[in-house]
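Working notes, structure below.
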Amino acid sequence: DVKVTQSSRYLVKRTGEKVFLECVQDMDHENMFWYRQDPGLGLRLIYFSYDVKMKEKGDIPEGYSVSREKKERFSLILESASTNQTSMYLCASSLLPRSYEQFFGPGTRLTVL
Amino acid sequence: GESVGLHLPTLSVQEGDNSIINCAYSNSASDYFIWYKQESGKGPQFIIDIRSNMDKRQGQRVTVLLNKTVKHLSLQIAATQPGDSAVYFCAADTGNQFYFGTGTSLTVIP
């Protein structure tokens, strides 16, 4: 079974802090994704990566950056956290770039005070 | 782009009954669709998928129906069980990326 793990289930940070959210997958998937999930909105894509050191902006990249130094690890960085970044963050991976099943981690619920 | 929406934010069904969850999409170029189940406190979990060259696909206790004419798909769960209580949402792939619906919260009444 594919396993996607995220470093924290719950995180509380203060406005202006730099925040790192880590995601690791163990199935040698090429593709990794970061989404945020907010009530009343569908999952929204922040960034994705099709290969090591490669990144592409999704629909809502503003205020975020990513890092993919190793194939299995994809990090989401909030350079200066703001209260409107309070959300559930979901990481996913997939074997093929698109038109394929994505496997999700359990999510990190981030609260920015 | 794509707009994906579910028809009902909540749905309650009696245990043992069949459940039908609906989803509408806007982009006729969408050619691949997935249904996900998300239990409380967990990440979404794949249930079943369907490609646009099909209009029906069956899995274990689940059936997905796709009507490309009206851009609508549905998820049918047979003999709904308490463990089926979760949020269900669909995703549509336009060929560039997935777009996700907001979800229908299914509650199974024992």
Regression test value, accessible area per residue of chain A, probe 1.4 Å, units Å², expected 49
Cα-based Rg of the protein assembly as shown per 2.2 N^0.38 Å, rounded to two decimals? 1.02
For the B:D55, A:E30 Cβ pair and Förster radius 30 Å, calculated FRET efficiency rounded to 0.05 is 0.45
May I ask you to find the residues of segment A:40-60 that are shielded by at least 30 Å² of accessible area once the whole protein assembly is considered instead of their isolated chain (probe 1.4 Å)? A:G42, A:L43, A:D59
Segment B:1-67 to segment B:77-110: how many Å between their Cα centroids? 5
Full-extension gain between B:S28 and B:H72, please, as 0.36 nm times their residue separation minus the C-alpha to C-alpha distance. 14.8 nm
Can you tell me which aspartates and glutamates have their Cα less than 19 Å from the Cα of B:K68? Leave out same-chain residues fewer than eight positions away. B:E2, B:D31, B:D49, B:D55, B:D93
Share of chain B's accessible area from carbon and sulfur, percent, 1.4 Å? 46
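Given a 1.4 angstrom probe, what's the average accessible area per residue across chain B, in square angstrom? It would help to have the intermediate numbers written out before the result.
Working: 5140 Å² over 110 residues.
Heavy-atom SASA per residue in chain B reads 47 Å².
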Residues of type lysines that A:K53 reaches as a straight line, Cα spacing below 24 Å, ignoring anything fewer than 8 places off in the same chain: A:K3, A:K18, A:K70, A:K71
Cα Rg, Dmax (largest Cα-Cα span) when computed across segment B:62-110, Å: 12.9, 42
Check A:M27: other-chain or 5+ apart residues with amide H under 5 Å from its amide H, H built from backbone geometry? A:K3
So what does log10 I(q)/I(0) come out to for segment B:1-55 at q = 0.13 Å⁻¹, using the Debye formula with one equal point on every Cα and no solvent? -0.44
Simple spin-label estimate for A:Y50/B:I20, 7 Å along Cα→Cβ, in nm, reads 3.9
What are the extents of the Cα atoms of segment B:4-110 along their three principal axes, in Å, largest first? 41, 26, 21
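Please compute the Kirkwood hydrodynamic radius of chain A from all pairs of different C-alpha atoms, in Å with one decimal.
With all distinct Cα pairs of chain A included, I get 13.8 Å.
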Buried accessible area, chains A and B (both chains, 1.4 Å probe, Å² to nearest 100): 1500
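The values are calculated or read from the model by the stated rules, or taken from the named source; none is laboratory data. Since this is a predicted model, take the numbers as computed values, not measurements. Note that each Cβ is placed from the backbone with ideal geometry, even for glycine, and that neighbours are counted across all protein chains shown. Note: accessible area is taken over every heavy atom of the protein model, side chains too, but ligands, DNA and RNA are not part of it. Shrake-Rupley method; radii C 1.70, N 1.55, O 1.52, S 1.80 Å.
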